[in-house]
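Structure, as structure tokens:
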Amino acid sequence: MTTVAELLIESLAEHGVRSVWGVVGDALNPVTDAIRREDRIEWIGVRHEEVGAFAASAQAQLTGRLAVCMGTVGPGAVHLLNGLYDAKKSHAPVLAICGQVPREEMGTEFFQEVDNDALFADVAVFNRTVTHLDQLPLLIEAAGNAALQQSGVAVLTLPGDVGGLDLPRHTPVPRFVEQRPRSVPETDALQQAAAALDAGGRVTMLVGIGARDAREEVLAVAERLAAPMVLSLKAKEGLEDDNPYEVGQSGLLGNPATATAFDECDVLFLVGTDFPYRDFLPAGKQVVQLDVRGSHIGRRVPVDHALVGDAGLGLAALLPLLAPHEDRGHLESVREEYLSWQEKQQRFTDPAYDHRPSGFLRRKVDNPDALVRPELLAAAIDRHAAQDAVFTTDTGMATVWLSRYVRMTGARRLLGSYNLGSMANAMPQALGASALDRGRQVVALCGDGGLSMLLGDLITAVTYDLPVKLVVFDNSRLGMVKLEMEQVGLPEFGTVLRNPDFAEVARAIGFHGVRVERPADVDEAVREALAHDGPVLLDVVTNPDEVALPPSPTVSQAWGFAIAKTKEAVTSAE
């Protein structure tokens with residue numbers, strides 16, 4: 001005989017699930033016991049279920065395969081929600097196994113009872129509660145297949161009296177369907193799009209993560225169109241390295257060249273991207289959009305020519321229809337502006353910048369104490385990290401510095417809460433990545449606010465020998481919120497953080513902890529931290545007033561920043 005819990009765990013092991021993340025608890029005790037007896041699956045007990053959901057989402061994004069987290073009755077299930085929303089918005093196939101009160105108590109306002117079907121209604125592509133043995137194995141298969149085929153979250157709820165029930169002999173082990181068909185855009189649509197791209201004049205491409213596996217095709221089309229290529233943040237992975245058409249990111253992460261690329265083009269070609277920041281996209285252009293999800297086309301900017309299909313197959317079919325664009329002036333001028341901007345940005349990576357004549361004025365304005373500039377720290381991470389490192393970043397300024405100073409060369413991978421924009425994601429995602437391969441370097445660029453929000457799960461890294469490298473941009477601020485306030489003329493308020501020495505906290509937990517306060521010490525500290533065998537927390541005290549300008553700062557933004565600084569000075573003097 002086999003139990004419901006044993007059948008579920010065997011199906012996950014057969015699929016290739018290697019770890020399950022969660023907190024043990026009564027309703028799911030039969031499931032965790034089944035994991036205990038299954039050598040192919042590692043149980044990783046976190047201190048907060050949100051961490052488990054983020055970690056599972058990271059694994060799903062890195063592998064494309066099903067990843068699993070668990071939360072028991074009521075509060076345990078509720079705690080999964082934020083990480084599961086991140087999985088939803090990242091199109092990550094995640095199965096959440098949730099507990100419930102016994103069947104006879106459901107609907108009676110029993111202790112800890114929460115209506116899981118209502119709770120997960122918005123986040124899940126599949127959401128069912130097992131109430132009868134006859135529903136198995138079909139509900140297990142349906143949950144796994146929904147997550148995999150729809151690239152989303154499936155929630156399977158087990159009442160407390162169900163997991164340990166015996167199933168009939170010879171109940172088949174559920175199998176999940178992994179293959180997904182790839183489609184080519186319609187021929188007529190391709191021909192019309194090609195005609196628009198050929199006749200339109202100057203073309204700029206905006207390429208997203210949907211084209212990550214189509215690098216060869218993307219570069220070939222950019223060459224044919226002589227098009228500068230703006231990359232979404234997520235598309236840095238796989239498309240940034242050795243790309244003679246790339247001009248960086250747009251949005252608040254961007255640079256002046258991306259604004260020029262958009263403003264001066266005649267045709268905007270969107271490939272595999274759902275870039276949400278409409279204010280940074282140009283108006284009045286001919287727009288061609290290629291996306292595997294037809295529902296994504298036209299929801300950010302009006303589209304003249306829609307191509308629904310796989311990015312690689314679509315671009316391969318489009319390429320023979322395109323005439324070579326002989327005029328390369330648009331590409332060359334934008335690239336020149338981008339490379340010039342990059343060169344200027346490198347000034348801030350010099351440990352002695354604030355003591356050189358070129359940095360004297362800026363030091364007086366924004367760094368009078370000559371603290372570590374975050375640009376210096378990010379550049380050192382890029383320099384010393386492995387060519388196959390996995391990077392995670394907290395939402396906010398840590399992501400800005402990675403975007404500008406860490407290149408996704410070689411086989412590097414990149415994860416963040418880039419669609420949900422949650423705090424506290426970098427460390428949990430790093431745990432998930434490290435559990436996939438403890439021999440691969442995993443580097444988390446953590447904000448001090450993000451790290452401290454889920455600080456307890458540093459213990460998880462030590463408990464399960466996950467050799468993550470956590471680099472804390474410790475500016476004692478909620479940095480992005482501070483910048484947002486100042487850009488509209490508000491003095492910062494509520495953003496100041498009273499932090500401990502994070503390195504000391506980490507050492508108490510069992511990490512190798514290092515604290516850096518001087519620019520001259522950054523490079524060697526980063527090198528040593530990334531070379532250390534076990535989990536490391538590198539706490540770097542950085543300048544809280546560092547300014548990261550958007551691609552085309554407006555007069556109102558500059559005026560708002562000046563007003564905010566004046567108000568802050570008056571307040572501090574009172």
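For the listed residue pairs Lys88/Lys234; Lys364/Lys482; Lys285/Lys482; Lys344/Lys482; Lys285/Lys344, the alpha carbons are over 27 angstrom apart in Lys285/Lys482; Lys285/Lys344. Packing, taken as the mean count of other beta carbons within 10 Å per residue, orders the peptides 444-452, 240-248 from highest to lowest as 444-452, 240-248.
Expressed to the nearest 5 percent, the antiparallel share of DSSP beta bridges inside the chain is 5 percent.
Taking the Cα centre of the chain as reference, the dipole from Cβ charges on Lys and Arg (+1) and Asp and Glu (-1) amounts to some 640 debye. Based on DSSP H segments of at least four residues, each scored -39500 (n - 2.57), the chain has a per-residue ellipticity at 222 nm of -11500 deg cm²/dmol. Using the Cβ-Cβ distance between Leu167 and Thr108 with R0 = 35 Å, the FRET efficiency computed as 1/(1 + (r/R0)^6) comes to roughly 0.80.
Only Cα pairs under 8 Å and at least 6 apart count here; give the relative contact order of the range 352-573 as a rounded whole percent. Before the final figure, lay out each step's value.
Values: 413 pairs, mean separation 50.6, N = 222.
23 percent.
Converting phi to 3J(HN,Hα) with the Karplus coefficients 6.51, -1.76 and 1.60 and the offset θ = phi - 60°, the range 265-279 yields 7, 9, 10, 9, 10, 8, 10, x, 9, 10, 3, x, 8, 4, 5 Hz in sequence order, with x at every glycine or proline.
Any idea how far the Cα center of the range 488-550 sits from the one of the range 360-414, in Å? A separation of 12 Å, based on Cα centres. Per residue, the average separation of C-alpha pairs within less than 8 Å and at least 6 apart gives the chain a relative contact order of 13 percent. Each residue of the range 536-543 was assigned a 3J(HN,Hα) from its phi angle through the Karplus expression (A = 6.51, B = -1.76, C = 1.60, θ = phi - 60°), giving 10, 10, 9, 9, 10, 6, 10, 5 Hz with x at Gly and Pro.
A simple count of charges around Glu336, restricted to other residues whose Cβ falls under 14 Å of its Cβ and scoring Lys, Arg +1 and Asp, Glu -1, yields -2.
Net length available on complete extension from Arg407 to Asp115 is 100.6 nm, with 0.36 nm assigned per residue and the Cα-Cα distance removed.
Decide, for the range 187-341, between rounded, prolate and oblate: order the square roots of the alpha carbon gyration tensor eigenvalues as a ≥ b ≥ c, take rounded if a/c falls under 1.5, and otherwise choose prolate if a/b is larger than b/c, else oblate.
On the way: a/c = 1.32, a/b = 1.20, b/c = 1.10.
Taking the square roots of the gyration eigenvalues as a ≥ b ≥ c, the range 187-341 is rounded.
Extending 7 Å from the Cα toward the beta-carbon at both Glu528 and Asp263 defines two label points whose distance is 4.7 nm. Amide H to amide H distances under 5 Å link Thr392 with Leu415, Val443, Ala444, Leu445, where only residues 5 or more positions off or on other chains count and H is placed in the peptide plane.
Model label points for Glu343 and Gln387, set 7 angstrom from Cα along the Cα-to-Cβ axis, are 2.7 nm apart. Along the range 494-502 the Karplus relation, 6.51 cos²θ - 1.76 cosθ + 1.60 evaluated at θ = phi - 60°, assigns HN-Hα couplings of x, 9, 6, 10, 9, 8, x, 6, 4 Hz to successive residues, with x for each Gly and Pro. Computed extension gain for Asp242 through Phe493, at 0.36 nm per residue and net of the alpha carbon distance, reaches 86.1 nm. Placing +1 on each Lys and Arg Cβ and -1 on each Asp and Glu Cβ, with no other charges, gives the range 125-255 a dipole about its Cα centre of roughly 220 debye.
Label positions at Glu186 and Lys364, each projected 7 Å from the Cα along the C-beta direction, are separated by 6.5 nm.
Could you order peptides 346-359, 135-148 by the average number of other Cβ atoms within 10 Å of their residues, highest first?
Working: 346-359: 15.1, 135-148: 20.6.
Top to bottom by mean Cβ count within 10 Å: 135-148, 346-359.
Taken as Cα centroids, the range 30-84 and the range 190-214 sit 40 Å apart, rounded to the nearest whole angstrom.
Against the main long axis of the alpha-carbon atoms of the chain, helix 522-531 sits at an angle near 30°.
Each peptide in 501-512, 78-89, 160-171 gets a packing score, the mean of other Cβ atoms within 10 Å over its residues, and the list from highest to lowest is 78-89, 501-512, 160-171.
In this calculation the C-beta distance from Asp327 to Glu216 is compared with R0 = 35 Å, giving a FRET efficiency of 0.90.
Count the net charge of all other residues whose Cβ sits under 12 Å from the Cβ of Ile297, scoring Lys and Arg as +1 and Asp and Glu as -1.
Numbers: positive: Arg293, Arg299, Arg300; negative: Asp274, Asp291, Asp304.
Counting the neighbours of Ile297, the net charge comes to 0.
Proximity of backbone amide H atoms, modeled 1.01 Å from N, is registered between Thr542 and Asp474, Asn475 at under 5 Å, excluding neighbours fewer than 5 places apart on the same chain. Its relative contact order, with pairs defined as Cα atoms under 8 Å and 6+ residues apart, puts the range 136-203 at 36 percent. Here the residues Val123, Val207, Val184, ranked from fewest to most Cβ neighbours within 10 Å of their Cβ, fall in the order Val184, Val123, Val207.
Where a number appears in this text, it was derived from the coordinates with a stated rule and is not lab data. None of the values given here were measured: they were computed from a predicted structure. All Cβ positions, glycine included, derive from the backbone under ideal geometry; neighbour counts span all protein chains shown.
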